Every structure is written in structure tokens, then in C-alpha cells.
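Just below is one structure, and these are the notes that go with it.
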Amino acid sequence: MKLVFNLPHMLRLKAMMQPWEADVTGADQTRMAKCADKWGYDMIAVPEHFVIPTEHVELSGPHYFQSTAAQAYLAGATSRIMLNSCVTVLPLHQPIVLAKALATADWLSSGRMMVTFGVGWLQREFELLGVPFAERGRIADEYLAAIIELWTSESPRFEGRYVSFDEVAFEPKPVRKPHLPVWIGGDADP
């Protein structure tokens with residue numbers, strides 16, 4: 001059995017919060033992550049959105065981190081627990097920059113990074129960031145292929161509609177081979 005620790009107070013979602021969570025600080029979350037690491041939890045999961053339109057705050061909560069930055073911070077505060085996103089909205093990231101951030105955090109943490117990618121659902125967030133919502137699935141597919149190429153190839157090259165590169169060096173590579181674990185998250189109507 002695997003135990004996953006979702007940090008309290010991450011979303012500030014009233015329907016799910018315990019009363020004490022409203023007062024949780026970053027220092028408190030760091031202490032809780034250290035306890036989860038010490039007590040044998042397998043993974044800490046960090047959610048991500050860049051902005052939440054006010055009409056969605058009641059549904060989604062307002063409090064989100066940039067997942068890779070939070071994962072890297074938590075990796076530095078812990079020693080063995082895996083750090084995963086829950087989820088990283090892939091089409092909203094520049095894939096070369098994201099590949100570098102994840103590989104760097106993985107290398108510095110001795111291979112403790114994971115990532116769960118999703119295509120996103122919040123159309124206004126895409127509009128605010130200038131990413132075509134209707135193309136998010138195609139963008140995510142292409143970005144994932146480009147990221148894997150950067151992580152696994154000694155001479156990365158990729159030609160796509162949304163991202164292209166060749167004749168580049170890319171290091172550090174992720175510690176685990178062929179690359180750090182990638183999960184895909186999402187939901188659909190039945």
C-alpha cells in the first residue's frame with residue numbers, strides 16, 4: 001500500500017477544509033512535509049493552477065502553487081519522500097523550460113521527482129495566459145513528446161507545430177531511466 005500526503009490548506013476550499021487549516025502557514029506545511037517523510041509516507045502531491053477566476057473560487061479554491069517550484073522546495077526540506085504534482089497543466093507551460101525545471105529538481109533530489117500532467121479544464125485560465133483552449137490536447141501531446149525527447153536523447157531534436165528544437169545540449173538528465181515517472185491525470189463524463 002502507498003500513502004500519499006496532500007498538504008493541508010493547499011486549496012483553501014471551504015467544503016474540504018478543517019477549521020484549523022485556515023491558519024496553516026508555509027512553515028507549517030514544511031514541518032508537515034518533514035513529518036510525512038519521517039513517518040514513511042510515499043509521496044507528497046502538489047496541485048497547480050496559475051490563476052483562478054473569481055467565479056470558480058467557490059468550486060476550486062483560490063490557493064495554488066506553481067507545482068514544480070513547490071516540489072523542488074519540498075524536496076530540499078525532505079530526504080526520501082517522492083514529490084509529485086497533482087496536476088501540472090501541461091499546455092500552460094513552455095516545454096523546454098518545464099523539462100529543465102523538472103530534470104534539475106530531480107537531479108538535485110537524487111531522483112525523487114514525479115509529474116502528473118493534465119490538459120486543463122479552466123478555459124479562462126488559458127485565455128489569460130494566451131494559450132488556445134481548443135488546442136490544449138494537441139499541445140499537451142506535443143509538449144509531452146518534446147519533454148521526453150529532451151530527457152532521454154543525447155542529441156535532442158524535435159519538430160512540431162508548437163515547439164521545435166535541434167542541435168541542442170540538455171543536461172542534467174533525470175536520475176531515473178529512461179526518465180522520471182510521468183502520470184497523466186484527468187476526468188471525463190461517463
- Query: Can you find a residue in the stretch 171-181 that is under 12 Å from ILE96 (Cα atoms) and not β-branched (Val, Ile, Thr)?
  - Reply: yes
- Query: What number goes with the only condition from (1) surrounded by fewer than 24 Cβ atoms within 10 Å (Cβ to Cβ); (2) within 16 Å of HIS179 (Cα to Cα) that TYR73 does not pass?
  - Reply: (2)
- Note on the structure: Expected output for the stretch 137-155 (first residue among the aromatic types (Phe, Trp, Tyr), partner surrounded by 14 or more Cβ atoms within 10 Å (Cβ to Cβ) and part of a helix (DSSP H, G or I), Cβ below 8 Å, 6+ apart or cross-chain) is TYR143/LEU90; TYR143/PRO91; TYR143/PRO95; TYR143/LEU98; TRP151/ALA99; TRP151/ALA103
- Taking the stretch 23-42 only, how many residues are out of contact with any Phe, Trp or Tyr (no Cβ under 7 Å at 6 or more places or on another chain) and in contact (Cβ under 8 Å) with a residue 40 or more places away in the chain? 5
- Query: If we only count helices (runs of 4 or more DSSP H) wholly inside the stretch 77-190, which ones have 2 or more residues that are more than 17 Å from the chain's Cα centre (by Cα) and more than 29 Å from THR30 (Cβ to Cβ)?
  - Reply: 123-129, 136-152
- When the stretch 158-188 is checked residue by residue, the ones that are in contact with a strand residue (DSSP E or B) (Cβ under 7 Å, 6 or more places away or on another chain) and of a type in the set (Gly, Ala, Ser) are SER164, GLY185, GLY186
- Output the number of the condition that THR54 fails; it satisfies all remaining conditions of (1) touching a Leu at 6+ places or on another chain (Cβ under 8 Å); (2) surrounded by fewer than 19 Cβ atoms within 10 Å (Cβ to Cβ); (3) of a type in the set (S, T, N, Q); (4) at pLDDT 85 or above. (1)
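Whether any residue in the stretch 110-118 is surrounded by fewer than 19 Cβ atoms within 10 Å (Cβ to Cβ) and either within 23 Å of VAL51 (Cα to Cα) or modelled with pLDDT of 95 or more (or both) is what I want to check.
Checked the stretch 110-118: at least one residue is surrounded by fewer than 19 Cβ atoms within 10 Å (Cβ to Cβ) and either within 23 Å of VAL51 (Cα to Cα) or modelled with pLDDT of 95 or more (or both).
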- Query: Between residues in the stretch 68-87 that are touching a residue at least 24 places away in the same chain (Cβ under 8 Å) and farther than 23 Å from VAL119 by Cα and residues that are among the polar types (S, T, N, Q) and crowded, with 18+ Cβ neighbours inside 10 Å, which pairs lie under 6 Å by C-beta distance while being six or more apart or on different chains?
  - Reply: ALA75/SER109
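Restricting to the stretch 167-181, give me the number of residues that are of a type outside the set (Phe, Trp, Tyr) and either under 17 Å from GLN94 (Cβ atoms) or surrounded by 16 or more Cβ atoms within 10 Å (Cβ to Cβ) (or both). Let's see the steps before the verdict.
Filtering the stretch 167-181 down to residues of a type outside the set (Phe, Trp, Tyr) leaves 167-169, 171-181.
Now drop any that are not either under 17 Å from GLN94 (Cβ atoms) or surrounded by 16 or more Cβ atoms within 10 Å (Cβ to Cβ) (or both), which leaves 168, 173-175, 179-180.
The number of residues fulfilling the criteria is 6.
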- Task: Mind counting the residues in the stretch 57-70 that are surrounded by fewer than 20 Cβ atoms within 10 Å (Cβ to Cβ), under 9 Å from the mean Cα position of the chain (by Cα) and among the polar types (S, T, N, Q)?
- Result: 1
- Complete set of residues in the stretch 138-152 that are more than 18 Å from PRO178 (Cα to Cα) and surrounded by fewer than 23 Cβ atoms within 10 Å (Cβ to Cβ): ARG138, ASP141, GLU142
- Item | Subset of the stretch 16-30 that is at pLDDT below 80 and either part of a helix (DSSP H, G or I) or on the phi > 0 side of the Ramachandran plot (or both) - its residue that is surrounded by the most Cβ atoms within 10 Å (Cβ to Cβ) | GLU21
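The values are calculated or read from the model by the stated rules, or taken from the named source; none is laboratory data. None of these values were measured; they are calculated from a predicted model. Cβ: placed from backbone, ideal geometry, glycine included. Neighbour counts: every protein chain shown.
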